[in-house]
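The values are calculated or read from the model by the stated rules, or taken from the named source; none is laboratory data. Here the structure is a predicted model, which means the values were calculated and not measured. Ideal geometry is used to build each Cβ from the backbone, glycine not excepted, and the neighbour counts take in all protein chains shown. Side chains included, ligands, DNA and RNA excluded: accessible areas come from the protein's heavy atoms. Shrake-Rupley method; radii C 1.70, N 1.55, O 1.52, S 1.80 Å.
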Amino acid sequence: MTNEEFANYLFPNVQDVSYYENKYKKRNLKEGAIVTRYAPSPTGSIHMGNLFQAFISKQYARQSGGIFFLRVEDTDQKREVENGIEGIVKDVESFGINFDEGYGIGGEYGPYLQSERGDIYAAYVKYLVAKGLAYPCFCSSSEIDENRTIQESTKERIGYYGRWATCRDLTPDTAKEKIEAGNPYIFRMKSRGDFNKKHVYHDAIKGDLEYPENDMDNVILKSDGLPTYHFAHAIDDHLMGTTHVIRGDEWVSSLPVHLELFDLLGFKTPQYAHLAPLLKKDGDVVRKLSKRKDPEASVRYYHELGIPVDAIKLYLSTVGNTNFEEWYLANPDKNITDFTFQFDKMSVGGTMFDLAKLENISKVYFSVQKADKIYDEVLNYSKQYDLEFANILEHNKDYTISLLNIEREIERPRKDIGAYPSVRKEFWYMYDELFNKEANPYQDIAKNYQYDDLITYMNTIYLSTDTEEEWFGKVKDFAGTHGYAINRKDYKADPSSFKGQVSDFCELIRVMATTKTISPNLYDILKLLGNDRLKKRLELFARQK
RNA sequence: GGUCUGUUGGUGAAGCGGUUAACACGCCGCCCUCUCAAGGCGGUAUACACGGGUCCAAACCCCGUACAGACUACCA
């Protein structure tokens, strides 16, 4: 029996591979267009590493005028989670990362669900068997385990290769007999590699990678009839026209297998780009960010924290290309989509996932946004996580926008908002609903203030319709005639002859109005509060004496 | 055990055979200022994991060692 006859016996009702090669036409894209994909397993939710991968893949496709598609790798039924795919798609789309084609969207290269591609994989297994490049293997898992034990004790390389690959030399006739006797089997690739031969592969990110040829007869079709990752990857990315496989660097070590598989199948290999993992410092050790151990690994965590999606994308961009941050700082008015990512500007080792840095980026991001946009987003966030505040916001729309506008649209705006909840945390005192809720808003004030001066000031001056300059001039005059130094040099020369400086008097006003020693521009705050409310606060404050 | 990869000040990170080893954050001082932030000026740091080698010359190339990570499944 020839290999070809054997292949026909094994797969009598399968299309010839030329059928699929014709069906899935070469993509008609412009020169240099990159086709990337996001190919998750349906395990429910994604973590930052996955998001990073999807984000970067999308960027490369977009910036080159290519295609970014979604393929679902559901070949492991044991790991499958109910509605797992939906959860993943939701997570990715919540970051505005959408697909040009793929599962749930459609496209000419489907099905995009691997479990629906059985016929296709079978056709290619048949093709390999006919050429003597794949074979059925009857070894049981206990036999494999035994081999492994022997290999461990004799310190040989572990795996199914060379003399350990006992089924690779079975003739088609013996194999057929075993099948007819009812022995269960799987399919393995028949490696032609020599482990002692080394090659260099140029990874788009990692650069030159030296690797030994693969000589393992890896499983390509499992007993459930579904392909392994390795095989499905080769078939799908070939047929779907993927030009660049961007994936985590845990795959680097199976690169020799994939390279050989493409070779056996006669496919052109895609360009691989292996992404460095996101790392975390856990005490003294640095390790990969873990979905199980680290809450910050979860993508949903950031939605709860109220960090804007765009800020996270900004952060991922800085992680993605080492020169991104510099560019963004120099072009604050530009968009991420205006930046061209380069593979050789990506981190080769791991990247520390730094929450403090994320927060900082988020603050910079907020500082350049328009007040009404922030209002809308904070309201939106609050509706989900803080109904009380959402209600307050809805009743104080213009007021809140004015508040958010203080020191905003200027050359160097304030950076005091890092996330949506910061608005309440930083400015609660600007809302009477929240201010009056406190039994005594001033209870934490420890300092002994000159209450009488403040009362005198409030009773005589107030705000009226002054401009900021007029107002501050009056504050200065008043402070000067009530024992405060009106310039720093005088005070420094002889501090004991003053009650303090003008800044100390301003602090007094500030504490009365806001209960805090730090706030945005005092004049704007006072104006927003208005004389009536200030008067009430003054009375309350004066009781602290 | 095997294969592959990585290791530059407190942190991030340039550099790719000849540099005073950038830059950013941080930290300290001064200036400005109604607070904070921002900004300006100046300063700070015992930074190229360790040991050999090649070279006139090494953070950069080679070989070891240590440490760290990934993989070593009919999981992806």
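Data table
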| read-out | value |
| --- | --- |
| Nearest-ten-degree value, helix A:309-320 long axis tilted from longest Cα axis of chain A | 60 degrees |
| Total formal charge among the other residues, if their Cβ is under 11 angstrom from that of A:I509, Lys/Arg +1 and Asp/Glu -1 | -1 |
| R0 of 60 Å, Cβ-Cβ distance A:D76-A:L434: FRET efficiency to nearest 0.05 | 0.75 |
| Computed FRET value (nearest 0.05) for A:K26 with A:N98, which takes r as the C-beta separation and R₀ as 22 Å | 0.35 |
| Phi-based couplings in Hz for region A:383-393 (Karplus 6.51, -1.76, 1.60; Gly and Pro marked x) | 4, 8, 10, 8, 4, 4, 5, 4, 5, 4, 4 |
| Virtual paramagnetic centre 7 Å along Cα→Cβ of A:R414, amide N under 12 Å, in region A:301-321 | none |
| Greater than 28 Å apart at Cα, pairs in A:K334/A:K373; A:K313/A:K437; A:K363/A:K535; A:K131/A:K176; A:K26/A:K58 | A:K313/A:K437; A:K363/A:K535 |
| DSSP-loop GluC sites (Glu not before Pro) across region A:50-103, with at most 14 other Cβ within 10 angstrom | A:E82 |
| Portion, in percent, of the accessible area of chain A that falls on carbon or sulfur, probe 1.4 Å | 47 percent |
| Among A:F262, A:V364, A:F353 the positive-end extreme of the charge dipole of chain A (Cβ point charges) | A:V364 |
| Gyration tensor (alpha-carbon) shape descriptor, region A:319-400, a/c threshold 1.5 | prolate |
| Low-density loop cleavage sites - GluC sites (Glu not before Pro) in region A:407-436, where at most 15 other Cβ are within 10 Å (DSSP) | A:E407, A:E409, A:E411 |
| Whole-percent pair-distance distribution, where bins are 10 Å wide, for the alpha carbons of chain A | 3, 14, 19, 18, 13, 10, 8, 6, 5, 2, 1, 0 |
| Of A:M189, A:Y161, A:Q450, farthest towards positive along the dipole that unit charges on Lys, Arg, Asp, Glu beta carbons give chain A | A:Q450 |
| Sites A:V252 and A:A542, calculated FRET efficiency, Cβ-Cβ separation with R0 56 Å, nearest 0.05 | 0.20 |
| Relative packing of peptides A:203-211, A:388-396, A:127-135 - highest average C-beta neighbours within 10 Å first | A:127-135, A:388-396, A:203-211 |
| Computed lengthening from A:E146 to A:H395, 0.36 nm per intervening residue step minus Cα-Cα distance | 82.4 nm |
| Over chain A: helical MRE at 222 nm, DSSP H runs n ≥ 4 each giving -39500 (n - 2.57), nearest 500 | -13500 deg cm²/dmol |
| Charge-dipole axis of chain A as Lys and Arg at +1 and Asp and Glu at -1 on Cβ define it, positive-most pick from A:I336, A:L404, A:Y103 | A:L404 |
| For A:Y272, distant residues with modelled amide H under 5 Å away | A:A204, A:V245 |
| In degrees, nearest ten, helix A:118-130 long axis to first principal axis of chain A (Cα) | 40 degrees |
| Cβ-isolated cysteines (cut-off 4.7 Å), chain A | A:C139, A:C506 |
| Fully extended contour minus Cα-Cα distance, from A:R488 to A:T340, at 0.36 nm per residue | 48.3 nm |
| Test item: Cα-centred dipole of chain A, Lys/Arg +1 and Asp/Glu -1 on Cβ, debye | 760 debye |
| Rounded accessible area per residue of chain A, 1.4 Å, Å² | 50 Å² |
